[in-house]
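Okay, so here's the structure we're looking at.
Values in this text are rule-based calculations from the coordinates and carry no lab data. Source: prediction; values computed, not measured. Glycine gets a Cβ as well: all are built from the backbone with ideal geometry, and neighbour counts include every protein chain shown.
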Amino acid sequence: MKKSVFLALTFGAFVFTGCSNDDDKTDTSIEECQTCNLELLGESISTEICDNGDGTITLTVLGQEEIQELDEGVTFAQFINAYEEFGATCN
């Protein structure tokens, strides 16, 4: 059950992320994190989403950590807004 929930959340994250070009990016070493809760199949799933400051985010769901690249031009705030539109509450 937990694996199917994790896969569903990961799939949702893939909808909003993708591959970007391989241009060199400056690492600003600024990390901003949001904790989001999503009700799925009667369970509340907590997800930590951190902006790595280099066009990537780190998603931590059910103890599993994964780094995703944001689509070119998508900001961390836009990603969080899209996640909230998916039904999550973030703070």
Under 5 Å from the placed amide H of residue 40, counting only residues 5+ away or on other chains, we find 45
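Can you put 61, 74 in order, fewest other beta carbons within 10 Å first? Can you show the working numbers first?
Values: 61 22, 74 17.
Result, fewest neighbours first: 74, 61.
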List, in order, the whole-Hz ³J(HN,Hα) value for each residue of region 76-84 obtained from phi through the Karplus relation with A = 6.51, B = -1.76, C = 1.60 and θ = phi - 60°; use x for Gly and Pro. 4, 4, 5, 4, 4, 4, 5, 5, 5
Name the residues whose placed amide hydrogens come within less than 5 Å of the amide hydrogen of residue 56, ignoring near sequence neighbours (fewer than 5 apart) on the same chain. 70
³J(HN,Hα) computed for each position of region 44-53 - Karplus, 6.51 cos²θ - 1.76 cosθ + 1.60, integer Hz, glycine/proline x: 8, 10, 8, 10, 9, 10, 10, 7, 7, x
Projecting the Cα atoms of 82, 45, 55 onto the charge dipole of region 43-91, where Lys and Arg contribute +1 and Asp and Glu -1 at Cβ, the residue farthest towards the positive end is 45
